Amino acid sequence: MQPTDDEDRAALARLAAGDRGALSGLVARHQDALFRFLRRLSSDSASAEDALQETFVSVYRHASHFRGEGSVRGWMFAIARRQAALGRRRHVGEPAQHESLETLGLEAGWGEDGRALLDRLADQQAVGRALGRLSDEEQEILLLHDVEGLSGSETATALELSVSAMKSRLHRARLRLAGALEKGGRDGRGS
Amino acid sequence: MAEDREVAGIRCFEVLGRLSDYLDGELEAAARRQIDAHLAGCTWCEQFGGHMGQVVGRLRAERDGLKLDEAGAKRLAERLAGLK
């Protein structure tokens, strides 16, 4: 559980009881992380900002719907994710391609010397570019768990998955990212 | 290219399947020890595990300080102030 979760739960309870002032604490604690997440999933900054506003509007209007399972942060990221999906006009949970783990591992460089991957890691911008080439589903889980540092349970809440399904998706997404980096290096491309 | 081998009672592709749990410290002690032993005896998996660890580490660094700018924060505050 994150250190702010008790504060977040108290704020949400106040909001649900009609105290609109309680929203300011949630905004102060979470606006930057939610904006970073939305910015990655949106075509531009203005769309990310719109989705952020609608996320907090939804938090305000649906505070009483929080069931207390998992953290408030995970719940807010779930709302943000839906807002980003609305902005992209696609369905949440669009399935990614499902190659076997062995295939993903081989594409990620298992069994090779890995020099291409290491070369790409030396490029400060390469990880961000490779991340941008993954599916929305893969980007979402890496942004939540590995970039923003949500716990496994919070990430599962945000993605509306079981923890075991979240772990499986996370592992595949990491391999896919390594594969995208490896491929970028092998092809000698800048992205 | 390397082959899928059994080292320390576990095959390379099984290690590959559990690598994220291993890197995230999510494995029980016995499973962790078995993978440690496999990695100690398998150059390919040891190398690949190290590379994957670096990839995950670099993702953490992607949290690059991007913030909602002042104007955006003001617009957000105005939007929320107008809620009924």
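The values are calculated or read from the model by the stated rules, or taken from the named source; none is laboratory data. Computed from a prediction, not measured in an experiment: that's the story for all the values here. Note that each Cβ is placed from the backbone with ideal geometry, even for glycine, and that neighbours are counted across all protein chains shown.
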Legend entry - Options A:170, A:161, A:134, A:150; residue that is surrounded by 17 or more Cβ atoms within 10 Å (Cβ to Cβ) and within 11 Å of chain B (Cβ to nearest Cβ): A:170
Legend entry - Subset tally (residues that are exposed (fewer than 15 other Cβ atoms within 10 Å of the Cβ) and modelled with pLDDT under 95) for region A:25-59: 3
Inset, instruction - Filter region B:1-49 down to the residues that are hydroxyl-bearing (Ser, Thr, Tyr) and modelled with pLDDT of 95 or more, then identify the one that is farthest from residue A:179 (Cα to Cα). - result: B:22
Legend entry - Positions within region B:20-45 being out of contact with any Ser or Thr (no Cβ under 9 Å at 6 or more places or on another chain) and loosely packed, with under 15 Cβ neighbours inside 10 Å, in sequence order: B:25, B:28, B:29, B:30, B:31, B:33, B:36, B:37, B:40, B:41, B:43
Inset, instruction - Pick out the one residue from A:161, A:144 that is in a loop (DSSP other than H, G, I, E, B) and either at pLDDT 90 or above or under 14 Å from residue A:74 (Cα atoms) (or both). - result: A:161
Legend entry - Those residues of region A:60-75 which are in a helix (DSSP H, G or I) and either more than 23 Å from residue A:143 (Cβ to Cβ) or within 14 Å of chain B (Cβ to nearest Cβ) (or both), in sequence order: A:60, A:61, A:63, A:64, A:65
Inset, instruction - Report whether or not residue A:29 is more than 23 Å from residue A:4 (Cβ to Cβ), assigned to a helix (DSSP H, G or I), basic (Lys, Arg) and within 13 Å of another protein chain (Cβ to nearest Cβ). - result: no
Legend entry - Listing of helices (runs of 4 or more DSSP H) fully contained in chain B that carry 1 or more residues being facing chain A (nearest Cβ under 7 Å): B:12-23, B:43-61, B:70-81
Legend entry - Matching residues in region A:1-27 - criterion: being of a type outside the set (D, E, K, R) and under 21 Å from residue A:81 (Cβ atoms): A:1, A:2, A:4, A:11, A:12, A:15, A:23, A:26, A:27
Inset, instruction - Residues being in contact (Cβ under 8 Å) with a residue 12 or more places away in the chain, surrounded by fewer than 18 Cβ atoms within 10 Å (Cβ to Cβ) and either within 11 Å of another protein chain (Cβ to nearest Cβ) or in contact with a Ser or Thr (Cβ under 9 Å, 6 or more places away or on another chain) (or both): count how many of those fall in region A:117-131. - result: 1
Inset, instruction - Examine region A:94-114 for a residue that is within 11 Å of another protein chain (Cβ to nearest Cβ), assigned to a helix (DSSP H, G or I) and within 14 Å of the chain's Cα centre (by Cα), and state whether such a residue exists. - result: no
